[in-house]
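What follows is a set of notes on a single structure, which appears directly below.
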Amino acid sequence: MGTPKRGSVLGVTLAVLAVAGSSALADLTLVQDGKPTSVIVTNGRPQESVALAATELQEHLRLMSGATVPIVKENELGAGEQPVWILLGESNRSKKLGFDPTSMEVEGFIVKTAENAVILAGDDGGSRRARRTGTLWATYDFLQDQLGCRWLWPGETGQAVPLRKTITIGAIDIKEAPVVQKRHIRAANQAKHKEIYKENGVDRVLDLGDVYDRLAEEEATWGRRMRLGSSIDLKYGHAFTDWWEKHKDTHRGVFALQSQGGRRPRKSKRPDFVKMCVSNPELWEMQLAPLRKNAAKGATGMWLNACENDGGGGFCVCPRCRAWDADPNTALKALPPVEDGSEDATTGQADDRSAGLPESLSDRYARWYNELAVRLREIEPESNVICYAYSQYRAPPMHIDHIEPNVWIGYVGFNAYPRDEAYRKMSADEWFGWSSKGATVFLRSNGLYYGGEGAPFVFARQIAEDTRFHIKNGMRATDYDCSQGLWAVSGPTYYVLARTLWDANADTDQLLDEFYSGFGAMESVVREYYTFWEEFTTALTGHPKFRDQKRTDRMRAYPELYSDEVFSKANAILTKGRGPFKEAPEAERERFRNILLGLKHGRLLVAALKDGRTSGGEAGKALMEFRREIAPRNVLNVYWTTYKEIKY
């Protein structure tokens with residue numbers, strides 16, 4: 001969070017910011033007895049994000065009060081007595097009343113009352129391809145912190161809007177900007193995923209039509225409302241996935257020499273996993289050539305993507321690469337085991353061990369990053385190398401004493417939730433190990449990817465603690481792969497993470513209060529329910545069937561981990577909600593139904609895993625039938641869970 005906030009609305013406690021004269025401002029009434037007493041005002045040509053902000057504000061005010069507040073352009077305002085102006089973005093009126101767009105930090109905004117007006121405006125600069133959306137962020141901040149709106153999960157059931165016929169606000173003077181410049185959680189329902197699901201046979205048991213597309217749109221909307229976004233355009237990802245097909249005949253020397261002989265992929269069926277001969281200057285020149293060409297045309301601030309391909313084995317054994325290694329090096333053997341997301345990690349690393357490679361290859365990769373960074377700076381001083389600390393090069397280097405200042409490293413760590421203290425310490429030490437040598441470290445975590453399989457699984461407090469650690473220690477970007485969309489079974493985790501990424505100083509208890517408040521009279525029941533599951537999840541670190549297993553074996557162990565007794569205790573908690581459920585508004589009842597359905601999904605999943613087939617057999621058929629039933633409600637992402645079961 002940037003500048004502290006002033007005021008306290010709907011029980012949301014905010015830090016006080018003293019503003020001269022603001023206390024003299026009269027309260028502003030936006031809606032009176034279900035009728036609009038305000039207008040939403042933009043400039044004559046609002047950019048797309050400001051127009052969206054106006055629509056979002058109008059819709060939430062309508063849901064809250066039943067009133068449709070008009071949207072007008074400032075040149076359409078008449079003379080004489082005026083309604084309250086809600087000024088969105090840069091305009092003549094907002095600037096006259098104190099908004100200075102040149103004073104905004106990147107993605108920053110103000111929420112400020114003035115005489116007969118409230119200003120919601122921010123940094124809307126940037127290029128056409130990478131436009132910043134400060135005014136939209138101001139609008140969501142106003143809806144969230146001043147009017148009490150909550151977006152617990154995607155879709156209508158997750159949208160908690162307090163009902164009131166009259167909406168009045170007091171004096172406000174907020175100026176805020178995010179600390180984290182890239183706040184990204186990858187969605188599991190994307191257009192590209194639909195094709196992957198089809199390739200793996202998901203469409204044989206689930207419909208990948210209009211419902212899928214709607215859920216994907218709703219998840220994107222949820223992320224936007226939680227102010228996930230970016231002011232920096234980092235360009236990275238496994239960089240060489242198509243290089244084998246492109247360059248195997250003309251530049252064979254840039255590929256890793258295998259222990260069995262030949263420069264090639266370790267597995268012929270996975271050319272996208274081919275590793276590179278990172279000590280080869282020919283490779284460096286091929287990487288630098290496009291940037292040299294673009295720099296000659298005037299490009300600045302470019303990114304050189306040096307992220308090695310995925311896969312846990314097949315690294316180069318040539319004498320030149322081996323000479324760069326810190327050898328002997330058995331440092332990783334003493335560290336807690338981790339499943340970091342690298343494909344084929346176990347067998348691939350075993351093959352490399354037998355070929356004589358050391359446990360950690362970080363020294364060779366760190367030197368490669370430095371070699372590229374020095375040469376890139378000579379080409380264009382403002383450009384950066386972006387790369388990973390991942391797989392066998394995740395731990396910091398032992399003998400490389402510095403990382404060049406124009407190197408950004410995506411640390412693929414903090415992957416295991418729940419995590420014990422040994423794993424947390426290892427991850428923190430590795431983070432500091434890279435950053436202390438000069439790298440700009442950002443988080444490229446697979447922690448959500450391993451965060452449950454479709455039964456209740458909550459680790460909100462641990463991930464909030466880790467996120468605050470990252471932000472405190474210089475994190476400027478996050479890239480979580482991926483949300484999995486386990487909304488009804490892991491909801492507090494997603495909510496707390498997304499909120500903490502924007503509001504780094506937010507207290508976790510306060511954020512959980514926000515989440516549970518969306519259930520009205522059933523708030524205490526839902527709090528007890530998810531607290532039960534968070535304690536259960538945390539305790540899994542002491543269970544050998546969870547702690548010592550890879551993902552596939554953990555899934556097979558679910559019938560033992562999630563016993564009938566555990567489910568019965570959880571169900572008994574939800575049963576306490578029957579009384580208040582009868583009197584609750586329909587929106588709160590629908591929200592609570594999603595939690596009930598999430599628990600039922602967990603029971604059916606465990607029964608199917610016990611049977612050994614999640615899509616066949618009687619238990620598997622019952623599970624798939626239930627998934628088809630709940631898919632439109634987005635209780636959880638049934639497409640993703642089914643895909644994982646097929647894959648693993």
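The values are calculated or read from the model by the stated rules, or taken from the named source; none is laboratory data. Remember, it's a predicted structure, so these values are computed and weren't measured experimentally. A quick note on method: Cβ atoms are made from the backbone with ideal geometry, for glycine too, and the neighbour counts reach across all protein chains shown. Side chains included, ligands, DNA and RNA excluded: accessible areas come from the protein's heavy atoms. Shrake-Rupley method; radii C 1.70, N 1.55, O 1.52, S 1.80 Å.
Summary of computed values
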quantity	calculated
Residue within segment 493-505 that is among the basic types (Lys, Arg), open to solvent by less than 30 Å² (accessible area, probe 1.4 Å) and modelled with pLDDT under 95 present	no
Filter result for the condition that a residue is open to solvent by 10 Å² or more (accessible area, probe 1.4 Å), in a loop (DSSP other than H, G, I, E, B), closer than 21 Å to residue 183 by Cα and not hydroxyl-bearing (Ser, Thr, Tyr), over 413, 438, 474	474
Condition check for residue 31: among the β-branched types (Val, Ile, Thr), closer than 15 Å to residue 146 by Cβ and modelled with pLDDT of 95 or more	yes
Condition check for residue 554: buried (at least 18 other Cβ atoms within 10 Å of the Cβ), within 26 Å of the chain's Cα centre (by Cα) and modelled with pLDDT under 95	yes
Those residues of segment 60-98 which are in a loop (DSSP other than H, G, I, E, B) and under 23 Å from residue 125 (Cα atoms), in sequence order	89, 90, 91, 97, 98
Members of segment 86-106 found to be touching a Lys or Arg at 6+ places or on another chain (Cβ under 8 Å), in contact (Cβ under 8 Å) with a residue 40 or more places away in the chain and open to solvent by less than 50 Å² (accessible area, probe 1.4 Å), listed by number	87
Tally of residues being in a helix (DSSP H, G or I) and open to solvent by 60 Å² or more (accessible area, probe 1.4 Å) across segment 564-606	13
Those residues of segment 251-283 which are open to solvent by 20 Å² or more (accessible area, probe 1.4 Å) and in a helix (DSSP H, G or I), in sequence order	252, 253, 271, 272, 273, 281, 282
Check on residue 541, part of a helix (DSSP H, G or I), open to solvent by less than 40 Å² (accessible area, probe 1.4 Å) and within 21 Å of residue 608 (Cβ to Cβ)	no
First in segment 362-375 and closer than 18 Å to residue 322 by Cβ, second anywhere and open to solvent by 40 Å² or more (accessible area, probe 1.4 Å), Cβ under 7 Å, 6 or more apart	363/398; 363/399
Test: residue in segment 594-605 that is farther than 20 Å from residue 211 by Cα and without any contact (Cβ under 8 Å) to a residue 24 or more places away in the chain	yes
Flag for residue 207 being in a helix (DSSP H, G or I) and open to solvent by 40 Å² or more (accessible area, probe 1.4 Å)	no
Qualifying residue in segment 146-158 (condition: more than 30 Å from residue 526 (Cα to Cα), open to solvent by less than 10 Å² (accessible area, probe 1.4 Å) and at pLDDT 95 or above)	no
Members of segment 188-197 that are open to solvent by 40 Å² or more (accessible area, probe 1.4 Å) and either in contact with a helix residue (DSSP H, G or I) (Cβ under 9 Å, 6 or more places away or on another chain) or at pLDDT 95 or above (or both)	190, 191, 196
One residue from 396, 456 being in contact with a strand residue (DSSP E or B) (Cβ under 8 Å, 6 or more places away or on another chain) and in a loop (DSSP other than H, G, I, E, B)	396
Criterion: farther than 18 Å from residue 536 by Cβ and hydrophobic (A, V, I, L, M, F, W, C) - qualifying residue of 498, 460	498
Index of the failed condition, residue 120 passing every other in (1) in a strand (DSSP E or B); (2) out of contact with any strand residue (DSSP E or B) (no Cβ under 7 Å at 6 or more places or on another chain)	(2)
In segment 609-637, the residues that are assigned to a helix (DSSP H, G or I), more than 29 Å from residue 515 (Cβ to Cβ) and either small (Gly, Ala, Ser) or in contact (Cβ under 8 Å) with a residue 12 or more places away in the chain (or both)	610, 617, 619, 620, 622, 624
Any chance residue 468 is open to solvent by 20 Å² or more (accessible area, probe 1.4 Å), under 15 Å from the mean Cα position of the chain (by Cα) and without any contact (Cβ under 8 Å) to a residue 60 or more places away in the chain	yes
Subset of segment 45-81 [touching a residue at least 40 places away in the same chain (Cβ under 8 Å) and not aliphatic (A, V, I, L, M)]	46, 47, 48, 49, 56, 60, 65, 66
Residue check for residue 468: part of a helix (DSSP H, G or I), over 22 Å from residue 156 (Cβ atoms) and charged (D, E, K, R)	yes
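Every residue, every condition in (1) open to solvent by less than 20 Å² (accessible area, probe 1.4 Å); (2) assigned to a strand (DSSP E or B); (3) in contact (Cβ under 8 Å) with a residue 12 or more places away in the chain, yes or no:
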{"position": "136", "(1), (2), (3)": "yes, no, yes"}
{"position": "142", "(1), (2), (3)": "yes, no, yes"}
{"position": "162", "(1), (2), (3)": "no, no, yes"}
{"position": "174", "(1), (2), (3)": "yes, yes, yes"}
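Table: residues versus (1) under 27 Å from residue 182 (Cα atoms); (2) more than 22 Å from the chain's Cα centre (by Cα); (3) free of Cβ contacts under 8 Å to residues at least 24 places away in the same chain.
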| position | (1), (2), (3) |
| --- | --- |
| 232 | yes, no, no |
| 236 | yes, no, no |
| 245 | no, yes, no |
| 254 | no, yes, no |
| 262 | no, yes, yes |
| 289 | no, yes, yes |
